Structure formats: structure tokens, C-alpha cells
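Accompanying notes for the structure given below.
The values are calculated or read from the model by the stated rules, or taken from the named source; none is laboratory data. Everything numeric here is computed off the predicted structure, so don't read it as measured data. Note that each Cβ is placed from the backbone with ideal geometry, even for glycine, and that neighbours are counted across all protein chains shown. Each accessible area value is taken on the protein alone, full model and side chains, heavy atoms only, with ligands, DNA and RNA left out. Shrake-Rupley method; radii C 1.70, N 1.55, O 1.52, S 1.80 Å.
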Amino acid sequence: MSLDQSQISLTFPDGNARSYPAGTTPAEVAASISKSLEKKAISAQVNGAHWDLQWPIEADARIAINTMADDAPALELIRHDLAHIMARAVQEIWPEVNVTIGPVIENGWYYDFDRAAPFTPEDLGLIEKKMREIINRRDPVTTEVWDRDRAVAFYKAQNEPYKVELIEAIPGTEPIRMYWHGHWQDLCRGPHLQHTGQVPGDSWKLMSVAGAYWRGDSSRQMLQRIYGVAFQSKEKLKAHLHMLEEAAKRDHRKLGREMNLFHMQEEAPGQVFWHPDGWTIYTQLQDYMRRKQRAGGYREINTPQVVDRKLWEKSGHWDKYQHHMFLVEVDESRDGETDDAAVKDKAQTRINALKPMNCPCHVQVFNQGLKSYRDLPLRLAEFGSCARFEPSGALHGIMRVRGFTQDDAHIFCTEDQIQDECARFIDFLADVYAELGFPEFEIKFATRPEKRVGTDESWDYVEGALENAIKAVGRDYTLEPGDGAFYGPKLDFYLTDAIGRVWQCGTFQVDPNLPERLGASYIAADGDKHRPYMLHRACLGSFERFIGILIENWEGKLPFWLAPRQVVVAAITSEADAYVAEVVAALQAQGVRAEADIRNEKINYKVREHSVGKVPVILAVGAREVEDRTVSVRRLGEKQTSVQPLDAILAALAAEATPPDLR
RNA sequence: GCUGCUGUAGCUCAGAGGUAGAGCACUCCCUUGGUAAGGGAGAGGUCGAGAGUUCAAUUCUCUCCAGCAGCACCA
């Protein structure tokens with residue numbers, strides 16, 4: 001502690017402290033250390049907070065000066081200053097454009113503009129050029145804290161209404177900070193670099209322009225958002241652009257077409273036409289899940305697709321979910337001979353909905369016959385085909401669709417069975433994910449939201465049960481306070497794919513509400529009727545989306561047991577054709593998906609075509625193999641081939657074709 | 001749903017106010033070739049749908065449909 005009020009003590013990362021006048025800025029601190037540090041400094045950490053070099057320090061503090069060698073602050077400043085530089089470039093080219101906000105995001109930044117004419121790809125080039133000019137000007141960055149009214153008046157005079165609105169949204173306790181990059185001005189909480197010349201000239205790129213709502217609100221003005229990416233070096237930018245290319249190669253829409261797995265067409269937007277090879281993957285996965293669920297104590301059921309609105313009114317979906325439902329109006333008085341569907345007897349018209357979820361139907365199954373506490377927990381599973389009217393802009397390949405099938409199940413149980421069922425499910429899911437090639441997953445625990453039903457005691461109990469369950473199976477989780485459903489808490493499961501992307505697939509939700517609405521009950525040991533809890537749970541989510549994830553994860557090179565085409569037996573000369581047929585038949589008899597290629601093509605051609613087609617194993621046979629009863633084995637991605645006896649490869653491939661749960 | 005862009009042969013794409021082209025794939029012929037494209041020939045398209053402008057529209061304009069990117073949505 002300094003004795004003198006006007007002096008403060010600043011402690012450096014090495015533990016040494018020095019005394020400075022109160023109000024000293026990190027820039028002055030850096031200068032007091034060395035000329036080179038003064039030049040290299042970009043910002044500081046003051047008591048851990050990211051601090052602009054120009055901001056005064058008024059009290060004793062821990063301080064560290066940041067340079068470009070400090071990754072996190074360097075990237076933040078580069079990206080943040082580029083956001084300002086881009087906005088400045090845009091206003092230098094088109095002075096009438098209004099600026100709004102421009103935050104740093106993963107890998108870069110964006111800035112939202114209000115401009116009548118759309119930005120074109122050519123405009124992006126112009127903006128980049130102007131940005132380079134601005135960087136080369138090496139304009140100093142300066143900052144001041146302004147009085148709120150002065151700032152509002154300033155932006156009104158500048159005709160920047162969005163800035164005025166932003167200031168009005170800043171809490172009264174926070175300062176209004178203004179920044180200048182040369183003459184160009186922006187409202188910003190900072191920090192920023194010393195001058196524009198500190199931004200590396202060639203390690204960033206403008207990527208795209210797209211619409212975005214002002215303040216993320218779809219009822220408000222649509223702005224134009226320009227995205228950029230930025231790194232500390234040209235090499236890192238290149239690596240990033242390369243990674244984007246790699247991700248594009250995995251696109252399931254592209255691979256689905258190339259591998260002839262499925263297609264979609266405009267008469268059925270958001271719905272999948274599965275081709276034989278794609279459907280092979282689908283059925284393999286479904287058969288696998290069916291076996292796992294049977295082993296896990298689930299009973300499989302199947303329920304109707306077209307269900308009268310009365311049930312949806314009871315379940316509450318009619319009120320809350322109607323705009324997402326496909327409705328089917330049927331004139332029940334039709335004679336069955338009139339082809340014109342538009343001719344309807346309104347009085348006789350019945351409104352149905354395609355089911356968007358399976359839960360209400362599952363309660364109907366539960367409700368048949370009296371249930372005893374001895375029947376619980378009752379685990380009802382369905383590969384439930386659902387239809388949801390998703391907004392057109394949300395559709396994405398087979399990942400976000402309007403018609404899909406969930407690996408859905410509902411567990412009817414008592415309150416004190418929740419914890420066990422939850423633990424059991426986490427183990428089930430971990431097992432499935434590991435066998436499908438996703439050993440790593442995260443759990444997010446979403447707790448009671450503001451708007452909810454049920455008593456606090458009940459929430460306490462159920463949340464406690466979930467938490468105990470996670471601990472019982474020895475897993476970590478992250479808390480998402482307030483993110484639960486209105487009726488109960490939930491766990492969401494996020495798996496990580498081969499290139500580090502995370503996907504939410506599994507879910508586990510506790511629901512006392514729907515059994516109540518739909519009148520589910522069981523006879524407890526005390527002889528009275530009680531309400532069961534309903535646990536909604538899914539592991540893969542939907543088959544469509546999960547297969548999309550599998551395709552992208554494996555870049556189309558699915559594990560052998562899931563690969564739609566497992567083996568191609570290719571003749572090198574037509575003299576081997578009969579032997580090819582024999583090998584194919586022997587493989588098929590072992591349950592291997594094998595096909596013959598005896599076309600009039602060279603072996604090079606065949607190898608290339610089936611490699612491109614991601615067939616995991618090519619068996620080439622020519623005169624030698626026919627003679628020796630062997631095959632030449634070539635694995636996808638390997639250049640080396642090996643000659644093996646027919647019997648040996650039959651046994652090996654049959655073993656490989658066995659799904660992981662049956663090994 | 002919103003903003004912008006796109007829609008030409010199975011796929012990837014070129015093209016132009018006067019009713020269309022390439023490569024690959026496909027079919028046939030030659031070739032029997034030893035591990036990522038052998039050679040030749042042929043066939044294939046109401047240029048997403050509808051309307052308008054024009055002597056003439058696939059090309060220009062409008063509406064619709066679908067796709068792509070982002071936003072919003074995903075109780």
C-alpha cells in the first residue's frame with residue numbers, strides 16, 4: 001500500500017511492485033520500463049481485466065503489459081480494431097451508411113450496417129482496399145469518457161439513431177466511452193490498440209455479407225452484417241481458410257449426392273428421399289438402436305401419425321405449438337368418389353395434425369388399462385416419425401428437416417425412481433455414443449426457468465435427483481441456470497465430432513405436467529391413484545440429423561459395419577468373372593454387403609471409382625487369385641495391397657461387419 | 001419467416017435478346033488391362049414455374065417455388 005494518496009503501487013507479473021502517480025496509464029507504465037515495450041504494447045491486464053493503454057489506473061493493482069505475443073488479448077484487439085476500421089472504411093466510401101454494432105466473434109468479427117442498397121461481393125473488395133489504406137495511415141486511437149447527454153446529442157447531430165438507442169440501453173452506472181480512430185468516431189467500451197498500424201496488414205479477410213436483425217429482434221429493422229476473420233499471422237489465416245475447405249469437403253449434402261445416399265426435391269421440402277445405400281445406413285443404425293433399447297429395458301411401440309386436434313388441445317400443443325404443425329383437414333362425409341379435395345362440407349370437416357412429437361400418444365398407450373406401481377418404471381420407446389413445419393430458412397440438408405424419425409422414449413415412473421432412471425440413461429447414452437465413434441460428450445444441466453409450473457419443493461427435489469444421478473455415474477456437467485422447460489429441468493448431451501464441432505443430440509427431461517394434462521395415473525402401494533412422472537428422452541435425436549452428423553464426422557468413410565457398400569469384388573480380367581461371383585456369394589452368405597464389378601474396365605479405373613465412392617474394401621482378383629483361391633485386398637485410404645486366402649478374408653470381413661454391440 | 005444471392009444435361013459449370021455448350025457420368029464399339037481416370041462413337045436439356053415487355057425471351061421485368069449464406073426460430 002502506498003502511504004501517499006497521490007501514489008499507487010503497481011505489481012508486475014514477476015512479483016515486483018513499483019510506485020506510480022495515481023491516474024498513470026498502462027502506456028506510461030510501459031514507457032517507464034523500456035522504449036521497446038512502449039512500442040510493442042497493445043493493452044494491459046489490470047487486476048485481470050483487459051485494460052486500454054490509455055485508461056488511467058487510480059488504485060493499487062496487479063498489472064501486466066500485453067504485446068502481440070499474448071494470444072487472447074492480441075486476437076481480441078486485432079479483431080475489435082478491424083471491426084472499427086471496417087466501419088470507418090464503409091463510411092468513408094458511403095458516408096450515408098449508418099453504423100450499429102460490431103463485436104468480436106469466434107475467428108473474427110462482424111459489423112452491422114444500415115444501408116438501403118445491398119453490399120455486393122465487389123463492395124467487399126472495395127472495403128478491404130480502403131481498410132488497408134486506413135491501416136497504413138497508422139492513425140492514433142484515442143478515447144474519452146463522455147457525459148450521457150452530450151453523447152446522445154452528438155449522435156443525434158451525426159444522424160446515427162442506432163448509437164442513440166445503444167446509449168439509452170447502457171445502464172446509468174456505466175460510463176459512456178467514446179473512441180476515435182483518427183477522425184473516425186465510434187461508441188465503444190474498448191479496449192483498443194494504440195494505432196491502426198498495429199493491425200497486421202495481411203492476416204485478415206472479409207468473408208461474407210448477410211442480413212441480421214437489429215438487436216436480434218425479428219420484428220425490427222433488417223441490417224446488413226459483414227463478417228470478417230482475423231488472426232495474428234498470415235499463416236494462421238491460411239490455416240483457418242484451409243480448415244473451412246476441409247469442413248466443406250465433409251458437407252453431408254455433397255457426400256450424400258456423391259455417394260448416392262439420398263436426395264431432396266422441391267415437391268417435398270425438408271423431407272428426405274432415401275436411396276438404397278442411404279437407407280442401408282439408416283436401417284443399420286435403427287436395428288442397432290432397437291437391440292440396445294431392448295437390452296436397456298425398453299418396450300417398443302408405434303403410434304399414429306395423423307391425430308385429431310382434440311388430443312393436441314388437451315396436451316397443450318394446440319395453443320403453444322400450432323404454427324409448427326402440419327394440419328390435415330378431412331371432410332368425413334366424403335363419399336370416397338369425389339376427387340376434388342377443395343369441395344368440403346365444413347360442418348363435417350375434422351381437423352387433424354401430423355404429430356410433431358410422440359409424447360401425447362405415448363401417454364395414450366400408458367393410459368390403456370389400470371397401471372400398478374409394480375409396472376413402473378415403464379419405458380416405452382418408439383422410432384417415432386414426426387412432422388414439424390419448420391421455417392423455410394431453418395431447413396438444412398437432412399440435419400434440419402420437416403419430416404424425421406426420433407429415437408424417442410418416455411419413461412413413466414415414480415418420483416423416487418427419477419434419479420435411477422437418469423443415471424441409467426446417461427450410462428446407456430455413453431455406451432451408444434462410444435460404440436458409434438463419439439467417446440467424448442458433455443452434459444448441460446438446465447434448471448428452473450422464471451416462468452414455470454410446479455412448487456419450489458418439487459423443483460428442488462427433481463433438480464437434486466438429476467444432479468445426484470450425474471454424480472452417481474461419475475460425470476461432469478455445466479450448469480445452465482434458467483434454461484429448463486417450463487415443466488421441469490433437463491439434461492442436454494453434446495457430442496464432439498472429428499473436427500471439433502459440437503452437436504446437441506441427446507436429451508433427458510423430467511415432466512410432471514403432461515401426465516397431469518392427459519390424466520395418466522397408477523395405483524400405488526397405498527391403494528390410491530397417483531400421477532406418474534414422465535421422462536422424455538432421446539439419444540440420437542433424429543435419425544436424419546444423426547446420419548448427417550455421422551457422414552460429416554467420418555467424411556463419408558463410415559465404419560465398416562455402417563458402410564452401405566462394404567466390399568466390391570473387382571475382376572482384373574474377364575477370366576476371373578466366375579470367381580468374382582463365387583467370392584461375392586460367399587461374402588453375402590456371411591452377411592457382408594458385397595457386390596461384383598465385372599465391367600469392361602481396367603482395374604485402375606475400378607479402384608479409383610470405388611475409392612471415390614468410399615467403399616471400405618476392394619478385393620481385386622485376376623488369373624493368379626483364381627489359380628490360388630486368394631484375393632488381393634485393398635483398404636480405403638491405403639495404397640498397399642495384400643494377397644490373402646479367400647477363407648481368411650471371409651472370416652475377417654464377417655467379423656468386421658458385425659455391429660459393435662454383437663461382438 | 002426476414003435480408004441477400006442462386007436455379008442451364010444425372011453431376012460440376014460456361015453462355016447469350018434471334019429457341020444452347022464443355023468436362024465427368026450414361027449407352028455402344030475397340031481394348032483383357034495387375035491397384036486412383038485406355039481409345040473411339042453416340043444419346044441426352046420446354047434453360048425452376050407462371051405472367052408481362054418485345055417482331056422475337058432461357059436471357060429483360062414482376063410474382064411464385066426451391067436451394068445457399070446469415071439472422072430469427074428449434075415450448
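To the nearest 20 debye, what charge dipole does region A:195-333 have about its Cα centre, counting +1 at the Cβ of each Lys and Arg and -1 at the Cβ of each Asp and Glu?
Values: 21 positive and 18 negative charges, 159 e Å.
With only Lys, Arg, Asp and Glu charged at Cβ, the dipole is about 760 debye.
Just list whichever of A:557/A:639; A:310/A:355; A:254/A:557; A:234/A:254; A:371/A:529; A:40/A:130 have alpha carbons separated by over 19 Å in the model shown.
Pairs exceeding 19 Å: A:234/A:254; A:40/A:130.
Step by step: find N for region A:356-483, compute 2.2 N^0.38 Å, then divide the Cα radius of gyration by it. What's the final number?
1.23
Alpha carbons only, please: Rg and Dmax for region A:178-311, in angstrom.
Rg then Dmax for region A:178-311, in Å: 25.3, 71.
Quote to one decimal, in nm, the extra length available between residue A:420 and residue A:222 on full extension: 0.36 nm per residue of separation minus the C-alpha distance between them.
66.4 nm
Solvent-accessible area per residue for region A:547-663 at a 1.4 Å probe radius, Å²? Before the final figure, lay out each step's value.
Details: 5610 Å² over 117 residues.
Computed with neighbouring chains in place, this is 48 Å² per residue.
With all protein chains present, calculate the accessible area of residue A:554 using a 1.4 Å probe and round the result to the nearest 10 Å².
80 Å²
Set Lys and Arg Cβ to +1 and Asp and Glu Cβ to -1, take the dipole of chain A about its Cα centre, and tell me which of A:219, A:278, A:479 lies farthest positive.
Result: A:278, furthest along the dipole toward the positive end.
Between region A:249-314 and region A:29-79, what is the separation of their alpha carbon centroids in Å?
54 Å
Roughly how many percent of the accessible protein surface of region A:330-421 is carbon and sulfur, given a 1.4 Å probe and a whole-percent answer?
About 45 percent, which is the carbon plus sulfur part of the accessible surface.
Cα atoms only, region A:1-63: Rg and Dmax in Å?
10.9, 32
How long are the semi-axes of the equivalent ellipsoid of region A:516-663, taking √(5λ) for every eigenvalue λ of the Cα gyration tensor, in whole Å from largest down?
48, 17, 12
Using the alpha carbons of region A:262-305, what is the convex hull volume per residue in cubic angstrom, as a whole number?
Taking the convex hull of the Cα positions in region A:262-305, it is 88 Å³ per residue.
Using a 1.4 angstrom probe on the protein heavy atoms only, could you order A:416, A:628 from most to least accessible area?
Ranking A:416, A:628 by accessible area, largest first, yields A:416, A:628.
Just to be sure I understand: of the beta bridges DSSP finds with both ends in chain A, what percent are antiparallel, rounded to 5?
Given both bridge residues lie in chain A, the antiparallel proportion sits at roughly 85 percent.
Taking the Cα atoms of region A:1-149, report the difference between the largest and smallest coordinate on each principal axis, in whole Å and largest first.
So the extents along the principal axes, rounded to whole Å, are 61, 39, 27.
I need the Kirkwood Rh of region A:589-631: take the reciprocal of the average 1/r across all distinct C-alpha pairs and report it in angstrom.
When all Cα pairs of region A:589-631 are included, the Kirkwood radius is 11.7 Å.
If you wrap a convex hull around the alpha carbons of region A:412-491, what volume per residue comes out, as a whole number of Å³? Don't skip to the end; give the middle numbers.
Numbers: hull volume 7.5 nm³, N = 80.
With only Cα atoms used, region A:412-491 gives 93 Å³ per residue.
Where a ≥ b ≥ c are the square roots of the eigenvalues of the C-alpha gyration tensor, would you call region A:561-646 rounded, which needs a/c under 1.5, or, failing that, prolate if a/b is larger than b/c, or oblate?
Judged from the Cα gyration tensor, region A:561-646 comes out rounded (a/c under 1.5).
Positive end of the dipole of chain A, charges at C-beta (+1 Lys, Arg; -1 Asp, Glu), about the Cα centre: which of A:373, A:611, A:19 has its Cα farthest in that direction?
Projecting each Cα onto the dipole axis, the largest value belongs to A:611.
How big is the charge dipole of region A:105-203 about its Cα centre, in debye rounded to the nearest 20, if each Lys and Arg gets +1 on its Cβ and each Asp and Glu gets -1 on its Cβ?
I would put it at about 300 debye.
For region A:318-411, what is Rg from Cα atoms divided by 2.2 N^0.38 Å, rounded to two decimals? Please report the intermediate quantities before stating the final value.
Values: Rg = 17.7 Å, N = 94, 2.2 N^0.38 = 12.4 Å.
After normalising by residue count via 2.2 N^0.38 Å, the value is 1.43.
Of the heavy-atom accessible surface of region A:52-144 (probe 1.4 angstrom), what whole percent is carbon and sulfur?
That share works out to 54 percent.
How would A:155, A:373 rank on accessible area, largest to smallest, probe 1.4 Å?
So the residues, ranked largest to smallest area, are A:373, A:155.
Among A:652, A:307, A:397, which residue has its Cα furthest toward the positive end of the charge dipole of chain A, with +1 on Lys/Arg Cβ and -1 on Asp/Glu Cβ?
Of the options given, the answer is A:652.
From the P(r) of chain A, could you give the percentage of C-alpha pairs in the tail past 42 Å?
Percent of Cα pairs beyond 42 Å in chain A: 49.
Counting only the heavy atoms of the protein chains, how much of residue A:522 is accessible to a 1.4 Å probe, in Å² to the nearest 10?
20 Å²
In what sequence, largest accessible area first, do A:382, A:435, A:76 appear using a 1.4 Å probe?
The ranking, largest first, comes out as A:76, A:435, A:382.
So what is Rg over Rh here for region A:605-663, counting just Cα atoms and using Kirkwood for Rh? Mind showing how you got there, number by number?
Values: Rg = 12.6 Å, Rh = 12.5 Å.
Rg/Rh for region A:605-663 comes to 1.01.
If you roll a 1.4 Å probe over the heavy atoms of the protein chains, what accessible area per residue do you get for region A:148-223, in Å²? Please report the intermediate quantities before stating the final value.
Details: 3830 Å² over 76 residues.
With all protein chains present, region A:148-223 gives 50 Å² per residue.
How big is the convex hull of the Cα atoms of region A:386-445, per residue, in Å³?
Working: hull volume 9.0 nm³, N = 60.
For region A:386-445, the hull spanned by Cα atoms encloses 149 Å³ per residue.
Can you work out the accessible area per residue across region A:238-371, with the rest of the protein chains kept in place, probe 1.4 Å, in square angstrom?
Using a 1.4 Å probe on heavy atoms only, each residue of region A:238-371 averages 59 Å².
Calculate the dipole size of region A:384-442 relative to its Cα centre from +1 charges on Lys and Arg beta carbons and -1 charges on Asp and Glu beta carbons; express the result in debye to the nearest 20.
Dipole of region A:384-442, to the nearest 20 debye: 580 debye.
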